[in-house]
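Please treat every number below as a calculation from the coordinates, not as lab data. Predicted, not measured: the structure shown is a model, and the values here were computed from it. All Cβ positions, glycine included, derive from the backbone under ideal geometry; neighbour counts span all protein chains shown.
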Amino acid sequence: MYDNTSPPQSDRRSRPGPGPWLSSLESEAIEIIREGIATAARPVMLYSIGKDSSVLLHLARKAFWPAPLPMPLLHVDTTWKFREMIAFRDRVAAEVGVELIVHTNQEGADAGITPFTHPSDYYTDVMKTVALRQALDAGRYDTIFIGARRDEEKSRAKERVFSLRNARHQWDPKAQRPEPWNLYNTRLQPGESLRASPLSNWSEADIWRYIADEEIPIVPLYYAAERPVVERDGQLIMVDDDRMPLLPGESPQPRRVRFRTLGCYPLTAAIEGDADTLDRVIAETLAADHSEREGRLIDHDGEASMERKKRDGYF
Amino acid sequence: MLPTLRFVLCGSVDDGKSTLIGRILCDSRQVFTDQMERVEDDSRRYGTQGGATDLALLMDGLQDERQQGITIDVAYRGFQTARRRFIVADAPGHEQYTRNMATGASTADLAVVMVDARKGVLPQTARHTRIAAMFGVRHIVLAVNKMDLAGWDRDTFEAIASAYGTVAEAVGVSNVRTFPVSALTGENLTRAADSTSWHTGPTLLEHLETIEIEQPAASRPFRMPVQYVNRPNPDFRGYCGRIAAGTVSPGEHVRISPAGTGAEVESIVVWRGTRDSATQGDSVTLTLKPDVDVSRGDVICTADNPLAVADQFQARIVWMGDEPLAVGRPYRLKLHTCEVGAAVTRIRHRVDVSDGSELAAPQLGLNDLGVVNLATNRPIPFAPFDESRELGRFILIDRATNATVGAGTITYPLMRASNLKWQDFDITGEKRAELKRQRARCLWLTGLSASGKSTIANLLEKRLVIEGRHTYLLDGDNVRHGLNRDLGFTEADRVENIRRIAEVARLMVDAGLIVIVSFISPFQSERDFARTLFQPGDFLEIFVDAPLEVCARRDPKGLYAKAMRGELRNFTGVDSPYERPETPDVHLDTQKLAPEDCVELVMRNLE
Ligand SMILES: Nc1nc2c(ncn2[C@@H]2O[C@H](COP(=O)(O)OP(=O)(O)O)[C@@H](O)[C@H]2O)c(=O)[nH]1
């Protein structure tokens, strides 16, 4: 399946099949996805094109095989994603044969809000948070599957598998429903919705191992390659297109870099390295001493930023 | 490596839970440099260790928690040491967050209960232990923390250990291990203590790394609650679910609870293929043959040991709603994938969390534990929690707010009648049949000797039993040899014979059974008499029609031959008439229909 995006396979032979741990994570995720679909009126999957989304999409297809995916994919396009991400997205949607809904906050784009002209938290709010709300309201979705993991960040570690949002998409961390066992309460009042996180108990390493075991295609940006980058505030930023204004004295240099996480290219820092196969990426990930979110510049904005964003309706 | 250990960490506020986890993460190199830097930064703002790194801040994720320095909600954290993987649920201490602690305990194999060495065992400690036990946790580790502040005093430790032993015993947990630790320094937690020579043996972490949690045997009977019916096209109907117990393979016979319908597993469908077998914990899709009717909430079970069905239960419950639990108020109950209406019919008692005593209670408030009687608005397939975790636990949902207001475990089913008052309750045939989930009837097969009555009767009974029905077959053999032993073949005896059979059939129908009568019964008047004993519609006259010549040719017992030779008197069709039914309820033309088709035709008339 879409071989041009698969990593080199040479180092694949030695690997055993999925161990009991990954199998149980897989069965749990499928159980969660089926539970959401069984009770949802208007389900949707947020597709961010990253590795977690790729795993989530794969699991959802497995859950309903031989039926097609019983929900559309929704991508909130800020217009600043890496070009390779968009190409990958369109290819996957065509291959899978699933409805792909792409939404951009057009007013924001028309108002000229970009990561270069506005503070990153304001840009994120308008082009991601508000855009997402617009798309969810337009689709009147009641169950929104996301690829969030509890190991990503502290406030997420406290979030339920089925997490309630009010009609304004806000999360109230103090009023979370108890969620004992696997007895998910998916009942909703009009206007309310659920964020369902089938990958809650997965770690970053689990994601990578599963991608390897299942040969799930991912965006090539995860593999090291020579790419044009500039160094800003100690971060390596890839110059993905000519919309990026260069500072005086700056000129893109080819460096061997890869990305641990993918988002808007101006806000996603690359790391240097030679990991150009899946096994090398996994080896580097396991040995890493920095969390993957460090590459996401927006998470550093202010105290408890992620929790606040969620209260405001960012995922 | 041992299977991943899921444990819940419980204790009162400030006992050091977050610090303990932070310490383990740090010492097993699970904290990224950037996370550590942020914690150090946070420590200067919110820390409780005078600006030194406060490891608790690694865990306390929510803004409110950090400002108040408490843990509000259960936080899940995965980590791995060289020897094992862990998922820890860090559970809140405050009584008002007991529901969150219950959430954390529900998925745990083991509980680490923390006690501050200076405070000893508190009512909270008992509460957490009790909830952990109720939610199925069987192993407990008692961590007596802050031993550094208690001067590593052995007597202090032993007094706490023994006080806790009493609590654990009252709760019914026998697997308790006790450790004196300092979460702050890691002593006896991640490394041997500098200061205790009196405590020997593994560290707390080593204990967690090596403890074996017994898994339920895969040899348990197969059960899979149906989560979702997958029907992409008219040619495929798959039942999706996660196997709760046992194993399954294609070709095995299953029964659908609660309907009782029987079927065979045709295939186990997985991504782009099929499998030869699947076991508990696996999420799979099953196809069945024949393609019987199965819905979400049904449980596919092994055929010879299907799941029990009931609508009245005794259950343990922890109340999580802000509004108290009210007797008689309708809630929604969710048990495995089955959602029904439910009400608590009686609060048997509230459990005092600290000493376990049973208190009379008109209602249960937030965070109360109690034992209740529960009624559902229809019978549901279940197992007592002690037999099967997956099929014996439930939540209660408020109908107005949709909040999850209670969580509980089924202790055992209550007999239907035991909750009803005797004086206004008559046990009728209808009640008895209802218990068997069927309509009781008499299926009266009439026809010449050798017409095929016995063959059809036997097949019919098998079919009914496979579908989970309760039946009985009355035929010449089992009645002649006992009940009617005194009767011969005179005209009067024949009439008496039929009368007794009809009366016995009537009693058995009243007992709730589907009774198949297989008798020549040649006279219309006799069959009409039998009909008068039953409610309209409960008696079906089924004519097994085969021409005399055919029966005489078959003559499996040589009776026709004997009769023709005059050795048998009053033999129907030879020297005694057979009156064909004028208007049978079902007419089985055995010339045209195979026995299986005849059964099919009868079954269709039963619907
Ligand atoms: N001296 C000492 N202090 C501790 C120890 N464990 C925790 N603490 C301190 O006790 C306070 C409460 O700890 P915390 O982990 O936040 O408790 P939690 O509410 O149970 O999570 C913090 O100030 C910790 O630094 C210990 O073993 N020794």
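Per-residue ellipticity at 222 nm for chain B, helices alone: DSSP H runs ≥ 4 residues times -39500 (n - 2.57), over residue total, nearest 500 deg cm²/dmol? Intermediate values should be presented prior to the final figure.
On the way: 16 runs with 161 residues, N = 607.
It lands at -8000 deg cm²/dmol.
With θ set to phi - 60° and the Karplus curve 6.51 cos²θ - 1.76 cosθ + 1.60, what are the ³J(HN,Hα) couplings of the range A:89-98 in order, to the nearest whole Hz, using x for Gly and Pro? Those phi angles translate into 3, 5, 5, 5, 4, 5, 4, 6, x, 10 Hz. Dividing the mean sequence gap of close Cα pairs (under 8 Å, 6+ apart) by how many residues the range B:234-332 holds gives a relative contact order of 30 percent.
Taking the average, over residues, of other Cβ atoms within 10 Å as the packing measure, peptides A:21-27, A:113-119, B:451-457 rank B:451-457, A:21-27, A:113-119 from highest down. Here the Karplus curve 6.51 cos²θ - 1.76 cosθ + 1.60, taken at θ = phi - 60°, turns the phi angles of the range A:49-64 into couplings of 6, x, 5, 5, 4, 5, 5, 4, 4, 4, 5, 5, 5, 4, 4, 10 Hz, with x standing for Gly and Pro. Distances between placed amide hydrogens fall under 5 Å for A:PHE145 paired with A:VAL44, A:MET45, A:LEU46, A:ALA196, all partners being 5 or more residues away or on another chain. Shape class for the range B:267-370: prolate, because the ratio a/c of the largest to smallest gyration tensor axis (alpha-carbon atoms, square roots of eigenvalues) is 1.5 or more and a/b beats b/c. Between the range B:495-533 and the range A:122-183, what is the C-alpha centre distance in whole Å? The two parts, judged by their Cα centres, are 66 Å apart. Of interest is the spacing of the C-alpha centroids, which for the range B:154-213 and the range A:24-96 amounts to 46 Å. Note on chain B: with charges restricted to the Cβ of Lys and Arg (+1) and Asp and Glu (-1), its dipole about the Cα centre is near 600 debye. With q set to 0.10, 0.22 Å⁻¹, the log10 of I(q)/I(0) for the range B:476-607, from the Debye formula over equal scatterers at the Cα positions, is -0.37, -1.57. Shown here for the range B:461-561: trypsin sites (Lys or Arg not before Pro) in loop regions (DSSP other than H, G, I, E, B) with at most 12 other Cβ atoms within 10 Å, namely B:ARG485, B:LYS557.
What percent does the relative contact order of chain B come to when contacts are Cα pairs within less than 8 Å and at least six residues apart?
Details: 1260 pairs, mean separation 52.9, N = 607.
Relative contact order, chain B: 9 percent.
Charged side chains reduced to their Cβ positions (Lys and Arg at +1, Asp and Glu at -1) give the range B:197-317 a dipole of some 340 debye around its Cα centre.
Convex hull of alpha carbon positions in the range B:465-516: directionally averaged projected area 3.8 nm². Listed by chain and number, the aspartates and glutamates whose alpha-carbon sits under 16 Å from that of A:LYS128, ignoring those within fewer than 8 places in the same chain, are A:ASP77, A:GLU107, A:ASP110, A:ASP137, A:ASP299, A:ASP301, A:GLU307, A:ASP312.
Summarised in one figure, the compactness ratio Rg/Rh of the range A:189-299, Cα atoms and Kirkwood Rh, is 1.05. Non-local amide H neighbours of B:ILE514 (under 5 Å, H modeled in plane, Pro and chain starts lacking H): which ones? Amide H to amide H, under 5 Å and 5 or more residues apart or across chains, B:ILE514 pairs with B:ARG441, B:HIS470, B:THR471, B:TYR472. Ordering B:CYS240, B:CYS551 from the fewest to the most neighbouring beta carbons within 10 Å gives B:CYS551, B:CYS240. The lysines within cross-link reach of A:LYS62, meaning a Cα-to-Cα straight distance under 19 Å and a gap of 8 or more places when in the same chain, are A:LYS51. Extent along the principal axes, Cα only, for chain B: 113, 59, 46 Å, with the longest axis given first.
Mind putting a number on the dipole of the protein assembly as shown about its Cα centre? Charges go on the C-beta only, +1 for Lys and Arg and -1 for Asp and Glu, and I need it in Debye to the nearest 20. Present the calculation step by step, with values, prior to reporting the outcome.
On the way: 114 positive and 131 negative charges, 336 e Å.
Once rounded to the nearest 20, the dipole reads 1620 debye.
Under 1.5 on a/c is rounded, so check that first for chain A, then, if it is not, pick prolate when a/b is larger than b/c and oblate when it is not; a ≥ b ≥ c are the square roots of the alpha carbon gyration tensor eigenvalues. In terms of gyration-tensor shape, oblate. Averaged over peptide B:276-285, the number of partner chain Cβ atoms lying within 10 Å of each residue's Cβ comes to 4. Just to be sure I follow the definition: excluding the sites themselves, where is the longest run in chain A that has none of the trypsin sites (Lys or Arg not before Pro) in a DSSP loop with at most 15 other Cβ atoms within 10 Å? The longest such stretch corresponds to A:14-139. The count of lysine pairs in chain B that are at least 8 places apart or cross chains, and whose C-alpha atoms lie under 30 Å apart, stands at 24.
Which value in deg cm²/dmol, rounded to the nearest 500, describes the helix-derived mean residue ellipticity at 222 nm for chain A, given -39,500 (n - 2.57) per DSSP H run of n ≥ 4 and division by the residue count?
Values: 9 runs with 95 residues, N = 315.
Calculated mean residue ellipticity at 222 nm is -9000 deg cm²/dmol.
Using θ = phi - 60° in the Karplus curve 6.51 cos²θ - 1.76 cosθ + 1.60, the 3J(HN,Hα) couplings for the range B:394-407 round to 8, 10, 10, 10, 5, 6, 7, 9, 6, 5, 7, 9, x, 9 Hz; x is entered for Gly and Pro. For chain A, averaging the sequence separation of C-alpha pairs within contact (under 8 Å, six or more residues apart) and dividing by the residue count gives a relative contact order of 23 percent. For B:ALA308, the amide hydrogen comes within under 5 Å of the amide hydrogens of B:PHE382, counting only partners 5 or more places away or on other chains and with H modelled in the peptide plane.
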